[in-house]
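For reference, the structure is listed below as structure tokens.
What follows draws every value from the coordinates through simple rules; no lab data is involved. For clarity, every value in this text was computed on a predicted model and none was experimentally measured. We place every Cβ from the backbone using ideal geometry, glycine too, and count neighbours over all the protein chains shown.
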Ligand code: DOR
Ligand code: ZN
Ligand code: ZN
């Protein structure tokens, strides 16, 4: 057994379904999945029911996180068509503003240019504006970032051309960072056909040309984020399957397998999954008594069942990976070991 110690990982893109859809996930189950995956901090998305677009809903969600989260949690505020006047208030207690410009799960979306301009003009920072912006929408938000001098973070980049455009924007000095997901790095449109609803998410799985492009241009990628988007099996097997797949418990094993295959190094994993996320979102430095232990030699097959996430399935089931989270220590307390989550609900801290 080769055990290495890594700093607690940070996932800057997690859907936890609080408030309103806790049959899919809640803070207790989602943060248990986070710990099992080696994440000690996660940033939760606002496309909940209702969406997190007012200070009241943000406060209620933070209180729920404080009472029930098993790892540290930051919460995004959502941009709605009618809440730009609330952004200065929302900024105090959120890890960033999330704007959806393209098709997603739930109604939170802004297509109207005037409303987008208002949000870019009003968001006070210093936290970034995270965007779901694909293809032409990406060009649009890069223009807005330049004009309003706002720090933007591009979520789940999935196409080669998008990453090339972000590279050009970075070369021009634009304040832009970006993430890619393990599913866009490890799966392509052939897998989508094989997986049916379990391979459906937004942005969709792309061609092999695009998937390979993410690896070729990985030096322009700031961080790996899971876009953990839990839905139940029954929902996925319905006639209208919602988009999204769980990812917290498989992200690190997949990335460690890529290290084994020579596609990246351990130090790149630390940068992409811990250091850069903390830097981009101004999170506190990892405490000395918080770390994870990983068996880099463990070879295992990703199972169908037995997950901490309430989704209870994985699109990667059947895949052999090398590398497994053995133990997680949060502020000196053993919170995960031998596949058992020991963390009590409420031991996580709410950031911001
Ligand atoms: O596939 C997705 N699922 N894409 C999104 O943008 C939202 C997410 C969800 O909340 O399920
Ligand atoms: Zn998205
Ligand atoms: Zn998402």
Q. Among 300-310, 174-184, 62-72, how do they line up from the highest to the lowest mean number of other beta-carbon atoms within 10 Å?
A. 174-184, 62-72, 300-310
Q. Measuring from label point to label point, each 7 Å out along Cα→Cβ, what is the residue 60 to residue 207 span in nm?
A. 4.6
Q.
For the stretch 56-179, what does the relative contact order come out to in percent, with C-alpha contacts under 8 Å and a separation of six or more?
A. 20
Q: Divide by every residue of the chain the summed helix terms, -39500 (n - 2.57) for each DSSP H run of at least 4, and state the resulting mean residue ellipticity at 222 nm, rounded to the nearest 500 deg cm²/dmol.
A: -8500 deg cm²/dmol
Q: Name the shape class, rounded, prolate or oblate, that the alpha-carbon gyration tensor gives for the chain, where a ≥ b ≥ c are the square roots of its eigenvalues, rounded holds for a/c under 1.5, and otherwise prolate holds if a/b is larger than b/c and oblate otherwise.
A: rounded
Q) Mean separation of Cα pairs under 8 Å and 6+ residues apart, divided by the residue count of the chain: what relative contact order is that in percent? A) 23
Q. If the chain between residue 113 and residue 215 were fully stretched, how many nm would it gain, using 0.36 nm times the residue separation less the Cα-Cα distance?
A. 33.4 nm
Q. Can you give the relative contact order of the stretch 1-42 as a percent, counting alpha carbon pairs under 8 Å and 6+ residues apart?
A. 49
Q. What shape does the stretch 1-116 take by its C-alpha gyration tensor, where a ≥ b ≥ c are the square roots of the eigenvalues and a/c under 1.5 counts as rounded, a/b above b/c as prolate, and the rest as oblate?
A. prolate
Q: Could you check the simple spin-label distance between residue 238 and residue 349, using points 7 Å along Cα→Cβ, in nm with one decimal?
A: 3.9
**Q.** Whether the stretch 132-205 is rounded, prolate or oblate, judged on the alpha carbon gyration tensor where a/c under 1.5 counts as rounded
**A.** prolate
Q) Among the DSSP beta bridges whose two residues both lie in the chain, what percent are antiparallel, rounded to the nearest 5? A) 45
(Q) Report the gain in length on full extension from residue 300 to residue 171: 0.36 nm times residue separation, minus Cα-Cα distance, nm rounded to one decimal. (A) 42.4 nm
